[in-house]
Amino acid sequence: MRSEWTLKPLASLAQEVTVGYVGPMADEYVAEGVPFLRSLNVSPFEINTNDLKFVTPEFHSKIKKSALQPGDVVIVRTGKPGTCAVIPEWLPDANCSDLVIARCGPELRPRFLCYWVNSVAAHHISSHLVGAVQQHFNVGAAKTMLVACPSLAEQDQIVSILGALDDRIALLRETNATLEAIAQALFKSWFVDFDPVRARQQGLAPEGMDEATAALFPDGFEESELGLVPKGWQSTTLAEVGFRHGGTIQTGPFGSQLHASDYVDSGVPVVMPKDIQYRRVMTGSIARVSSHDADRLGRHKLQRGDIVFSRRGDVERHALIGERETGWLCGTGCLLVRPGSRWPSPTFLSMTLDAPRARSWLVQHAVGATMPNLNTGILGSVPVLLPTVDVLQLFEEVISVTEEQRNHNASTMETLATLRDTLLPRLISGQ
């Protein structure tokens, strides 16, 4: 098949190849408006909403050249040049910077182009990079990039196979977002808004609770270091939680303990800050070491219920460790929080540390003029409102079903992504 495919410059297959807006943006961002994509919002095969920015409709109209529409193919210019995705239907109106925009002509399916760029063309893009300080992929290189042009029927066959996998991955990701929203709503109701306590204070039955469950919550409030909190709940710190329950907070291995030369293609995964998203460990680009090195660094091996924090940069991010990650390593650039074997609810602690109050506290107390940094002392000082053991156990029991389903879905997504990545080069090369 591949020998029969014609290679053509992208410019000859696209209605238009242009570039995202180039110019200062700091003063243009607003809280709500037209979505404005940057390179960090483009992952292989998908658009993500990580730290998504917005601009006013007026500014969007002013920079029409970089306006996006569903079906456009966007390619990252800097950072990870060549990373490519198709603008989805849920982004009917958007704009961008730092992206090459390709609007396909009648001979080329957008999704086929996306698969081509992410697989075959990506390793060729390095030869088209320009710039002495920060290399980038420019519009001129994009226009001359050679793209396979099989028949539309063949493109559709390839897209139907790979697209089915990606569509399933997207559905599981949406399901996990829904499950997380449900978990966050329950956490907020119980531990931020104190809905069961307020209901009991008014002599009402808390919504959705039987009498025995409601009785686990106090019926009033008292003053504390954290303000007005439910009676009997304690104001403490993360370090004190660990101390009471046999836990600890420690720094990941130093660079002198784990060198770049220690990483191998297959082995024990090492969790780095880049692998942490949505309170979970993502394995798309995770590093690995041999079992010998993992044993050598045994004190950094992860256990179920551990929490791994990014130590520098985006210090608000952390991942809750589950069964899958047990035995993996906490990597350089991370802090390991181990609540202790007697701690009843890892999920509660994870969601407490992910709540706006804790995230703001971490940002405010991080040190470093150039890049925010955490240390064990700062992380251990995070304020924690500690409910009674009965309430913690109840929360873990209720929420564990949701957490297990999210973990199962995440594992399935990784399996499907591995299958797609295995099939991709064979399909796209005509094999």
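Charges were assigned to the Cβ only: +1 to each Lys and Arg, -1 to each Asp and Glu. The resulting dipole of the chain about its Cα centre is roughly 1320 debye. Angle between the Cα long axis of helix 389-428 and the longest principal axis of the chain, 0 to 90 degrees, nearest 10? Tilt of helix 389-428: around 10 degrees. Compute the angle between helix 152-191 and the longest alpha-carbon principal axis of the chain, please, reported from 0 to 90 degrees and rounded to the nearest 10. Once rounded, the angle reads 20 degrees. Against the compact-protein benchmark of 2.2 N^0.38 Å, the Cα-based radius of gyration of region 234-306 scales to 1.30. Calculation over all alpha carbon pairs of region 302-341 in 5 angstrom steps from 0 returns a P(r) of 6, 27, 34, 21, 10, 2 percent. Each of the peptides 77-83, 327-333, 155-161 was scored by the mean count of other Cβ atoms within 10 Å over its residues; in descending order, highest first, they stand as 327-333, 77-83, 155-161. Calculated FRET efficiency, R357 to R173, Cβ-Cβ distance, R0 = 30 Å: about 0.65 to the nearest 0.05. Per residue, the accessible area of the chain comes to 48 Å², computed with a 1.4 Å probe over protein heavy atoms only.
With helices as the sole contributors, the chain gives -11000 deg cm²/dmol at 222 nm; each DSSP H run of n ≥ 4 counts as -39500 (n - 2.57), and the sum is divided by every residue.
Equivalent ellipsoid of the chain: semi-axes from √(5λ) of the C-alpha gyration tensor, largest first, are 44, 25, 22 Å. Label separation (E16 vs V30): 2.3 nm, computed from points 7 Å beyond Cα along the C-beta direction. Note on D193 and D421: the extension gain reaches 77.7 nm, defined as 0.36 nm multiplied by sequence separation minus the Cα-Cα distance. Give the range of the longest stretch in the chain that excludes all GluC sites (Glu not before Pro) found in loop regions by DSSP and having at most 14 other beta-carbon atoms within 10 Å. Of all site-free stretches, the longest is 90-206. When the distances between all Cα atoms of region 138-257 are binned every 5 Å from zero, what whole-number percent does each bin get? Pair shares across the bins are 2, 8, 9, 9, 9, 10, 9, 8, 7, 6, 6, 6, 6, 4, 0. Expressed as a whole percent, the accessible surface of the chain that belongs to carbon and sulfur atoms is 53, based on a 1.4 Å probe.
For region 163-270, applying the loop criterion from DSSP together with a ceiling of 14 other beta carbons within 10 Å to the trypsin sites (Lys or Arg not before Pro) yields K231.
Per the Cα gyration tensor, region 1-69 maps to an equivalent ellipsoid with semi-axes of 31, 16, 9 Å, ordered largest to smallest. 3J(HN,Hα) couplings calculated from phi for region 195-210 with the Karplus curve 6.51 cos²θ - 1.76 cosθ + 1.60 (θ = phi - 60°) are, in sequence order, 4, x, 5, 5, 5, 5, 4, 8, x, 9, 7, x, 4, x, 10, 7 Hz; Gly and Pro show x.
Expressed in Å, the radius of gyration and Dmax of the Cα atoms of region 300-376 are 12.6, 39.
The values are calculated or read from the model by the stated rules, or taken from the named source; none is laboratory data. Keep in mind that what you see is a predicted model, and the values were worked out from it rather than measured. In this analysis, Cβ positions are derived from the backbone assuming ideal geometry, glycine residues included, and neighbour counts consider all displayed protein chains. These area figures cover heavy atoms from the full protein model, side chains too; ligands, DNA and RNA do not enter into them. Shrake-Rupley method; radii C 1.70, N 1.55, O 1.52, S 1.80 Å.
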